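Below is one structure, written out as structure tokens; the observations come after it.
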Amino acid sequence: MPFSRRSFLQLSSLVGGGLLLGFSLEQESKAEAAHSPAFAPNAWLRIETGGRIVFILDRNEMGQGVYTALPMILAEELAVKLEDLVIEMAPADRVYVNPQLAGLQMTGGSTSISASYVSLREAGAAARTLLAEAAAKRWGVAASACRASQGRILHPSTQESFSYGELAQEASKLPLPDKIVLKEARDFTLIGKSTPRLDSRLKITGKAGFGIDVNIPDLRNAVYIRSPVLGAKIKRWDGSKAKASIGVEDVLQMGEGIVVVALRYWQARKAAEQLDVEWEGGSKQMSSSGIFADFAVSGRENIEEQVKDSKVLRDASSKVIAAEYQVPYAAHAALEPINCTARVSENLCEVWAPTQSPGVAQQVAHEISGVPLENVKIHSTFIGGGFGRRLFQDYVAQAVNIALLVKKPIKLLWSREEDFQHDFYRPASFHAIRAAVDAKGQALSWRHSITGPSILSETLPTWIPTILPPWVPDFIKQGTAVTVGSMMRLFPKDPSSVEGAKDMPYEIPELEVDYQRLDPGVPVGFWRSVGHSYTGFVVETMIDELAQLAAKDPFEFRQGLLTKSPRHLRVLSELAQKASWQQPPAEGLFRGLALHASFGSVCGQVAEIRVDLGSRSIKVERVVAVVDCGRVINPASAEVQVSGAIIFGLSGCMTAELSFKDGALEQSNFHDHPVLRYEQCPRIEVSFIESEEKPSGLGEPGVPPIAAALANAIFAATGKRLRSFPLKI
């Protein structure tokens, strides 16, 4: 393909969304390049004359495996051994924005590989081409005759070779050729091969740097105490006892909370117990029961209006089924509690954070500290679980504010209870559905009303200042954010609330999905698989109910509705074969099936369970999963990804109950919000559809089908339809 220097510069800076003004990979003049210590042909790669080959990781590692998968892609085209790459976390820089996430530098939405696959391959191939040309000039041979292998360029006929480091300076002076040739898939030596994760040894040995591990000179530890009642304010407070505690240096009010700063974390935490605070106001009348009562009124009114518009549902000859579903709020409950370290001086603001959004963190720290944006440095750490929670930068704002108040570097650490109480929860939702089949069991109508709060209308405006170019004045950025927020609140639609329902693949002649926005005031955010986390459950259990109404096998019923969706059909057929669906399960076992597409991938699952009616217990014995996510980069890591998503989804629908009463969250820690224990985890069998297509999302697509597969298996065992979480008999 034609590949000019200019187009390469644009492509490299467009890895995330738009041409970045003032950015150039030709960072130095030719005179300066003569003394350059490294060859840096693009934003992800630096080859030093001493031999180090540095890969700049522009997505945050939070357990999903990008610390290995993304280097694999570049190493494949660069022709180096994976273990020879030195990996550095990318700074906050607009060159690393994500094209699939509104032009933000952000890790989420299962986009890390899909957004970077082509660009990283081209980055590696471009560097390899320049290095080959540099070697060819030394030898006086054609560059096309030279071969790259394991970090060296080999002479076409002799045993001579040069390391990449030896060629770095000369390669840095060369113009990029018009054509960059990518490897053929048949020649891959890394992509598609199961590869040990590069971060495993770091984590096993304790060398991996998580946010909670950060330690810098003169560091103080801080806790921030707020009311458990949403929206409550401080009426009065007395911090004298806390201030007198050992190690405590500061006790002060910040916004609607109290900050305690001490030499050590536990000193600050224990001193906080000595605070005398009286809170007032807030949403004391709010409760989960009241929220769902309001949702139900709106949802039922809406579905009745839909029924009035449907001749099929009002036709006496149609077999009609009606159902209502409730999906509660969900906490992220990541293993690493919320934390952030901040240091602010007159013209420098540094933040160490386990964040999924370094770009937004930089903007937030800039706005609070007043330090110029280019002098705000974000040091991204390993993340002990993100699941969407660390897309929000409230903890970064708190840490920078505290550092400014006490004029010392501080580490802010939330307790587990605070992590639960002040989360941005997966929205609760109410679903009313009317569906019908004819006398022959053919699906005729599907009407679905969804009621709940909106994520995007509250979140997207806060990201506007980061999306806008850096040269736009701050007051214009903030004004634009306010305007966008006001406009979004006028429109009730939120695509994240209907994803997985409005675009379901089944062929049903009369299909309508509607969303009613109703916001009770609970902070909501992106939870692993977002709207799919509940639409996958609702749609796939209702499809089973429709199959029962049609007197058809759940697999065969779905098969008949997917004649125009070959990708889904292939996953479904492979799943039935892998799970031996057409054969009866062993005695005492019962099976349920679900199929769902999200983030560009299709995932089908069969759950095999055992039920004890006496103890009213459910044991998930086995889960079979089949996934089409395009080309798989690292099969071993991909299998773990899907398995982890299944366990995450099972926790969300079986054990992790979340409820509000008197304006506060009732659950506080893992004793009353348990996640799945090791002995509760099923045997999981994961297989992937072989594909030559580009990679699609993988971190989240394993979550949506599992709740439905489990609920459908429970019905097979008990004859009882469960339409709300937690799934209990």
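The values are calculated or read from the model by the stated rules, or taken from the named source; none is laboratory data. Just so we're clear, the structure is a prediction, and the values are computed from it rather than from any experiment. Neighbour counts are summed over all protein chains in view; Cβ atoms, including those assigned to glycine, are modelled from backbone coordinates with ideal geometry. Areas reflect the complete protein model, heavy atoms only, side chains present, ligands, DNA and RNA absent. Shrake-Rupley method; radii C 1.70, N 1.55, O 1.52, S 1.80 Å.
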- Message: Being more than 27 Å from Ile73 (Cβ to Cβ) and in contact with a strand residue (DSSP E or B) (Cβ under 7 Å, 6 or more places away or on another chain) is the requirement here; does Leu698 meet it?
- Response: no
- Query: Using beta carbons and a limit of 6 Å, which pairs, at least six apart or on different chains, have the first residue in the range 678-700 and over 19 Å from Phe387 (Cβ atoms) and of a type in the set (S, T, N, Q) and the second one assigned to a strand (DSSP E or B) and modelled with pLDDT of 95 or more?
  - Reply: Ser687/Val626; Ser696/Ser601
- Message: Looking at Pro91, Pro99 in this structure, which one is at pLDDT 95 or above, under 30 Å from Glu374 (Cβ atoms) and open to solvent by 10 Å² or more (accessible area, probe 1.4 Å)?
- Response: Pro91
- Condition check for Val623: of a type outside the set (Gly, Ala, Ser), within 19 Å of the chain's Cα centre (by Cα), modelled with pLDDT of 95 or more and surrounded by 22 or more Cβ atoms within 10 Å (Cβ to Cβ): no
- Restricting attention to the range 287-332, report how many residues are acidic (Asp, Glu) and closer than 27 Å to Met654 by Cα. 2
- Query: Since Pro37 meets every condition but one in (1) surrounded by fewer than 21 Cβ atoms within 10 Å (Cβ to Cβ); (2) at pLDDT 95 or above, which condition does it not meet?
  - Reply: (2)
- Pairs, first under 17 Å from Ile467 (Cα atoms) in the range 353-372, second surrounded by fewer than 24 Cβ atoms within 10 Å (Cβ to Cβ) and of a type in the set (Gly, Ala, Ser), C-beta under 6 Å, six or more apart: Val364/Ala397
- Within the range 583-598, the residues that are touching a residue at least 12 places away in the same chain (Cβ under 8 Å) and polar (S, T, N, Q) are Ser598
- Taking the range 220-242 and the residues there that are surrounded by fewer than 16 Cβ atoms within 10 Å (Cβ to Cβ) and touching a Ser or Thr at 6+ places or on another chain (Cβ under 9 Å), the one that is nearest to Ser668 (Cα to Cα) would be Gly231
- Candidate set from the range 480-516 (those that are outside any loop (DSSP other than H, G, I, E, B) and free of Cβ contacts under 8 Å to residues at least 12 places away in the same chain); member that is most open to solvent (accessible area, probe 1.4 Å): Leu490
- Item | Answer residue from the range 643-692, given it is among the aliphatic types (A, V, I, L, M) and farther than 17 Å from Arg622 by Cβ and is modelled with the lowest pLDDT among those | Ala656
- Message: Can you list residue pairs whose Cβ atoms sit under 6 Å apart, with the first residue in the range 109-128 being of a type in the set (Phe, Trp, Tyr) and the second being surrounded by fewer than 23 Cβ atoms within 10 Å (Cβ to Cβ)? Count only pairs 6 or more apart in sequence or on different chains.
- Response: Tyr117/Lys694
- Query: In the range 343-363, how many are buried (at least 22 other Cβ atoms within 10 Å of the Cβ) and farther than 20 Å from Leu57 by Cβ?
  - Reply: 3
- If you check Gln605 against the conditions, is it open to solvent by 40 Å² or more (accessible area, probe 1.4 Å) and under 18 Å from Leu572 (Cβ atoms)? no
- Residue pairs qualifying under the 8 Å Cβ cut-off, at least six apart or on distinct chains, with the first in the range 412-435 being open to solvent by 20 Å² or more (accessible area, probe 1.4 Å) and the second being modelled with pLDDT under 95 and in a loop (DSSP other than H, G, I, E, B), are Arg434/Ser310
- Message: One residue is enough: does the range 523-532 have a residue meeting the conditions at pLDDT 95 or above, buried (at least 16 other Cβ atoms within 10 Å of the Cβ), within 21 Å of Asp309 (Cα to Cα) and hydroxyl-bearing (Ser, Thr, Tyr)?
- Response: no
- Looking across the range 608-620 at residues that are open to solvent by 30 Å² or more (accessible area, probe 1.4 Å) and either touching a Lys or Arg at 6+ places or on another chain (Cβ under 7 Å) or basic (Lys, Arg) (or both), the single one that is nearest to Gln641 (Cα to Cα) is Lys619
- Quickly run through the range 177-206 and pick out the residues that are buried (at least 16 other Cβ atoms within 10 Å of the Cβ) and under 19 Å from Phe688 (Cα atoms). Leu190, Ile191, Gly192, Thr195
- Task: Could you list, in sequence order, all residues of the range 194-242 that are touching an Asp or Glu at 6+ places or on another chain (Cβ under 9 Å), touching a residue at least 40 places away in the same chain (Cβ under 8 Å), assigned to a helix (DSSP H, G or I) and not hydrophobic (A, V, I, L, M, F, W, C)?
- Result: Gly211
- Item | Single match in Ala148, Ala115 (criterion: crowded, with 21+ Cβ neighbours inside 10 Å, out of contact with any Cys (no Cβ under 9 Å at 6 or more places or on another chain), at pLDDT 95 or above and assigned to a strand (DSSP E or B)) | Ala148
- Would you say Leu562 is among the aliphatic types (A, V, I, L, M) and surrounded by fewer than 21 Cβ atoms within 10 Å (Cβ to Cβ)? yes
